[in-house]
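I have placed the structure first, in the form of structure tokens, so that the comments after it can refer back to it.
Computed from the coordinates by the stated procedures, all read-outs in this text should not be read as laboratory data. Bear in mind the structure is a predicted one, so any value in this text is a computation, not a measurement. Positions of Cβ are generated from backbone atoms using ideal geometry, with glycine treated the same way; all protein chains shown enter the neighbour counts.
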Amino acid sequence: MGRVYNFSAGPAVLPEEVLRSAAEEMLDYKGTGMSVMEMSHRSKAYEQIITDAETDLRELLGIPDNYKVLFLQGGASQQFAMIPMNLMKNKVADYIITGQWAKKAAQEAEKYGKVNRIASSEDQTYSYIPDCSDLPVSEDADYVYICENNTIYGTKYKELPNTKGKLLVADVSSCFLSEPMDVTKYGIVYGGVQKNIGPAGTVIVIIREDLITDDVLPGTPTMLTYKIHADAKSLYNTPPAYGIYICGKVFKWLKEMGGLEVMKAHNEKKAKLLYDFLDQSRLFKGTVVPKDRSLMNVPFVTGDADLDAKFVKESKAAGLENLKGHRTVGGMRASIYNAMPYEGVEALVAFMKKFEEENL
Ligand SMILES: *Cc1c(COP(=O)(O)O)cnc(C)c1O
């Protein structure tokens, strides 16, 4: 049985080389006689795995020394609470609402303080990124929050908001390591890894050192305190050990591919193929304002729900999996993360051409 082209938004496609290598090491990791899954997280072998993972991630992103890297649990959604609990000293934060994930993060933060929604693209079903050059940033805001790549709607910030000196916090779950980024522009950058890096259950948090303090909101659980995890180098309790191991393999794979500049070029080439097709198609239409298009998540529609359903069904039969759009928006969505080969996008476009000829 062969592998399909998996266009899922997450959990998503991983590099085949990484899966093969993990399979080879499954029963006996480097002569330890056990799987990484069976190993103490305090063993020498595991210490090497987590240290290498951090070192390689730091190298890939050029993370400065005054930022800590944390490998935590609870997925991206747990950060929706952890961020306000640790950062809301004035109990005020500004949120820019560009889709479901930003909306959920804002709702969660509201449990801990005042949330100002300083911009939103809800009026146009989140099909664009609002102009963020001169927003009414709150005087006393502890931070400004964005979801940098909107997995469901397929938009991406091409320019970061002008936060007028306030701390920027970003959810980069679905664009993590898809291109280089300047970590120094953020107070916190975080992402669930199941979109572009590894198996679900691990979240990576890159946080500026001065934000890691004991001064958290009263009642903050130990497990939701950044300082606890930073002091223990992500080993306060048992970390998502196997997930971190796979993330580490993906970091090595990215380095072998040539790093994030190369990945960016590769991702641009894939996205261009699909967007160029959409722009000239007489049947399919992209749903996002062109200047705000994501390189990772590409939503599109035919304009006819029955035809959309037919497309999803027939594409699956052709080995193109998980092209159905998010349940809240319908239509189709192709997620073309780092590990999706160019050939996968070629196969998708060829299938779309054929479908268009048969159904126009
Ligand atoms: C998937 C996703 C989430 C939620 O991730 P979980 O790990 O399931 O909590 C949050 N933000 C973005 C941008 C996502 O794509």
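Okay, here's what the table says:
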read-out	value
Choice from Thr222, Thr163, Thr151 showing the highest fluctuation, given a GNM over the chain with Cα pairs closer than 10 Å	Thr222
Most fluctuating residue given options Lys103, Lys44, Lys252, as computed from a GNM of the chain linking Cα atoms under 10 Å	Lys44
The chain: calculated mean residue ellipticity at 222 nm from DSSP helix runs of at least 4, using -39500 (n - 2.57)	-11000 deg cm²/dmol
Anchor Lys316: aspartates and glutamates whose Cα lies under 14 Å away (excluding residues fewer than 8 positions away in-chain)	Asp308
Separation between Cα centres of segment 240-310 and segment 137-153, rounded to whole Å	23
Segment 25-87-segment 321-360 distance, computed between alpha-carbon centres (Å)	33
Restraint check, Lys166/Lys255; Lys44/Lys68; Lys30/Lys270; Lys233/Lys272; Lys44/Lys252, Cα-Cα greater than 29 Å	Lys166/Lys255; Lys30/Lys270; Lys233/Lys272
Relative exposure of Arg333, Arg282, Arg58, judged by other C-beta atoms within 10 Å (fewest first)	Arg282, Arg58, Arg333
GNM top mover of Asn322, Asn338, Asn149 - the chain, alpha-carbon springs below 10 Å	Asn322
Exposure proxy order (Cβ contacts within 10 Å, fewest to most) of Ile207, Ile97	Ile97, Ile207
Which of Met37, Met352 has the fewest Cβ neighbours within 10 Å, and the rest in rising order	Met37, Met352
Straight-distance crosslink candidates among lysines, where the alpha carbon sits under 20 Å from Lys310 and sequence neighbours closer than 8 are dropped	Lys285, Lys324, Lys353, Lys354
Relative contact order [Cα under 8 Å, 6+ residues apart], the chain, whole percent	23
Segment 71-143, relative contact order [Cα under 8 Å, separation at least 6], %	38
